[in-house]
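Q: Structure in structure tokens, see below.
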Amino acid sequence: MKTRLPSVTTVMVIFWNLGMGGVQQKMMDFSWVAAQEPSPEIWFHYVLRDRPKFRLDREINLKQTVLHYRPGIQNGIFHMPFSLFVLWQAYILRPAVLLAFLDHASFLAILSAKILFWRRIRVVLNEDTFTSQFTTSWLKRKFISALYPCADIIMSPTNASKKDLVRIFRIPSEKITIMPNWTLQKEQKPMVRKYDFLYIGRFAKQKNLFFLLDVLSDLIKYDASISLCLVGDGPEKNVLINEVRARHLSRNVTIRPPSNQISSYMRQSRIFVLSSHYEGMPVALLEAMAMGLPVISRSYPGISEYLTHGKTGLIARTKREFVHHARYLLDHPRTRAAFQKRGIRDIRNRFSYNTLQKYIETMLQNS
């Protein structure tokens, strides 16, 4: 039986920015659904801390979405504390739901609802990561254990990430609902395959991109023409560029800035690769599968819940296994084609529009 939803609902979403990332893509999808669906009428208000150089403002459908940026002097001398800005927006917008992503934004959502206790705001946390590895600060860990149980619901993308919250942070299991990510990306006709391997995402320590350089260094011993394209930005960018030069891989590695046309890179690539130390459920991986790219991923908790080894992709525990999988897929186009078909079907059945609809219904339940 479908959940009965109110006719008009205001949802206030708290996050850092509309830059590059899976959370930002999910926010794009919320806005698209709000603009497309006549009922229920949902208004999304995105409360954002800053404006990065690359952002998706122009791509968002603003029919029923409003962007609220923290005010401040443009030269950076002064900014209103984000915590006060969030509280003020929660007061004036009178949202039925506060939706927050990751720890700091989640703290602000819970505290704002506590301060505005007479409003009875529904607090929904989307813990879109593997929390024990993402949050290393002792103080933040204490806050998670103390504050997260105050939320109405915590949405976790995998069973592994839910178990992590229960075991490490003592969050009551009944507070946590497993809600996988999704993609609205559709398969497109491939272009000339310019890159053998493709990575799209942040350039950060979590992503372990030097591992991919290690893999590539081994692969070019067998074929000097093998290529890797890295699309993204982040704190590791300059170090990564210098490392590529130091290893004499400039002919094999292409580094591109963030783009709102990631499908064009996928259409030009043979295999999508992921080397992260940990993830929640990476949207880029789901998008790659939806586009028909076979995936090779380093093993981490939860990966097997959305990538089936030997059917929709390959999972490697070591660098040696990763190199072996990479060589195998390059040498066996029929296996790549089989992975492509199964991956597209798996995304359509488990991680597509129906999943997004279920997410929104769960978020609005009892609001």
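Every read-out reported here was derived from the displayed coordinates using simple, explicitly stated rules and does not represent laboratory data. The structure presented is a predicted model; accordingly, all values stated were derived computationally and were not measured. For neighbour counting, all protein chains shown are included, and Cβ atoms are generated from backbone atoms with ideal geometry for every residue, glycine included.
Q: Counting only the backbone N, which residues of segment 331-353 are under 19 Å from the spot 7 Å out from the Cα of LEU184 toward its beta-carbon?
A: Residues 347-353 qualify, since their backbone N sits under 19 Å from the label point.
Q: Counting only other residues whose beta carbon sits under 14 Å from that of ARG245, what net charge do I get with K and R as +1, D and E as -1?
A: On the way: positive: LYS237, ARG247, ARG251; negative: GLU243.
Taking every other residue near ARG245 into account, the sum is +2.
Q: Starting from the Cα of ARG193, step 7 Å along the direction of its Cβ; do the same at ASN354; then give the gap between the two resulting points in nm.
A: With each label point 7 Å from Cα toward Cβ, the separation is 3.2 nm.
Q: With a cap of 10 neighbouring Cβ atoms within 10 Å, and only residues DSSP puts in a loop, list the trypsin sites (Lys or Arg not before Pro) found in segment 262-364.
A: Working: sites: ARG267, ARG270, ARG298, LYS311, ARG317, LYS319, ARG320, ARG327, ARG334, ARG336, LYS341, ARG342, ARG345, ARG348, ARG350, LYS358; in loops: LYS311, ARG317.
Sparse-neighbourhood loop trypsin sites (Lys or Arg not before Pro): ARG317.
Q: Taking H placed 1.01 Å from N in the peptide plane, check which residues at least 5 places from GLY72 or on another chain put their amide H under 5 Å from its amide H.
A: none
Q: Provide the net charge surrounding ILE315, with neighbours chosen by a C-beta distance below 14 Å and charges set as Lys +1, Arg +1, Asp -1, Glu -1.
A: Computed value for this residue: +2.
Q: For THR308 and ASN238 in one chain, what is 0.36 nm times their gap in residues minus the Cα-Cα distance, to one decimal in nm?
A: Numbers: separation 70, 0.36 × 70 = 25.20 nm, distance 3.42 nm.
Extra length from THR308 to ASN238 when fully extended: 21.8 nm.
Q: Where in segment 81-120 are there trypsin sites (Lys or Arg not before Pro) that are in a DSSP coil and have at most 16 other Cβ atoms within 10 angstrom of their Cβ?
A: On the way: sites: LYS114, ARG119, ARG120; in loops: ARG120.
Answer in residue order: ARG120.
Q: OK, next. Checking a compactness column here: for the chain, what do you get for Rg(Cα) / (2.2 N^0.38 Å), N being the number of residues? Present the calculation step by step, with values, prior to reporting the outcome.
A: Values: Rg = 21.0 Å, N = 367, 2.2 N^0.38 = 20.7 Å.
Its radius of gyration relative to the 2.2 N^0.38 Å reference: 1.01.
Q: Can you give the local net charge around ILE60? Use residues other than it whose beta-carbon is closer than 14 angstrom to its beta-carbon, Lys and Arg +1, Asp and Glu -1. Walk me through the intermediate numbers first.
A: Details: positive: LYS26, ARG51, ARG55, ARG58, LYS63; negative: ASP29, ASP57, GLU59.
With Lys, Arg at +1 and Asp, Glu at -1, the net is +2.
Q: About the Cα centre, and with charges only on the beta carbon of Lys, Arg (+1) and Asp, Glu (-1), how big is the dipole of the chain? Nearest 20 debye, please. Write out the running numbers ahead of the final one.
A: Values: 52 positive and 27 negative charges, 69 e Å.
It comes to approximately 340 debye.
Q: At a Förster distance of 30 Å, what's the computed FRET efficiency of THR362 paired with LYS319, Cβ-Cβ distance as r, to 0.05? Display every interim value, and only then the final one.
A: Numbers: r = 39 Å, r/R0 = 1.31.
That pair, THR362 with LYS319, gives E of 0.15.
Q: Scan segment 109-178 for chymotrypsin sites (Phe, Trp or Tyr not before Pro) in coil per DSSP, keeping those whose Cβ has at most 10 other Cβ atoms within 10 Å, and list them by number.
A: Details: sites: PHE117, TRP118, PHE130, PHE134, TRP138, PHE143, PHE169; in loops: PHE130.
Loop-located and lightly packed - none at all.
Q: When the label point is put 7 Å from the Cα of SER264 along its Cα-to-beta-carbon vector, which residues of segment 209-235 have a backbone N closer than 18 Å?
A: 229-233
Q: Could you compute the FRET efficiency for LEU249 and LYS53, with r as their C-beta to C-beta distance and R0 at 25 Å, rounded to 0.05? Present the calculation step by step, with values, prior to reporting the outcome.
A: Working: r = 26 Å, r/R0 = 1.03.
Computed FRET efficiency for LEU249 and LYS53 comes out at 0.45.
Q: Here is a follow-up. Compute, for segment 195-350, the length of the dipole vector about the Cα centre, with Cβ point charges of +1 (Lys, Arg) and -1 (Asp, Glu) only. Units Debye, rounded to 20. List each step's numbers first, then the result.
A: Numbers: 24 positive and 13 negative charges, 59 e Å.
With only Lys, Arg, Asp and Glu charged at Cβ, the dipole is about 280 debye.
Q: On a 18 Å Cα-Cα criterion, which of the cross-link pairs LYS63/LYS358; LYS186/LYS341; LYS311/LYS341 come out too long? Please report the intermediate quantities before stating the final value.
A: Numbers: LYS63/LYS358 22 Å; LYS186/LYS341 13 Å; LYS311/LYS341 10 Å.
Among LYS63/LYS358; LYS186/LYS341; LYS311/LYS341, the Cα-Cα distance tops 18 Å for LYS63/LYS358.
Q: By how many nm would the segment from HIS79 to LEU139 grow when fully extended, if each residue of separation counts as 0.36 nm and the alpha-carbon distance is taken off?
A: Values: separation 60, 0.36 × 60 = 21.60 nm, distance 2.42 nm.
Here the segment from HIS79 to LEU139 would lengthen by 19.2 nm.
Q: Relative contact order, percent, of the chain when contacts are C-alpha pairs under 8 Å separated by at least 6 residues?
A: Values: 657 pairs, mean separation 55.6, N = 367.
The normalised contact order for the chain reaches 15 percent.
Q: Pairs LYS26/LYS53; LYS162/LYS237; LYS175/LYS205: which exceed 22 Å Cα-Cα? Spell out each step's value before the answer.
A: Details: LYS26/LYS53 19 Å; LYS162/LYS237 31 Å; LYS175/LYS205 30 Å.
Distance filter (> 22 Å) returns LYS162/LYS237; LYS175/LYS205.
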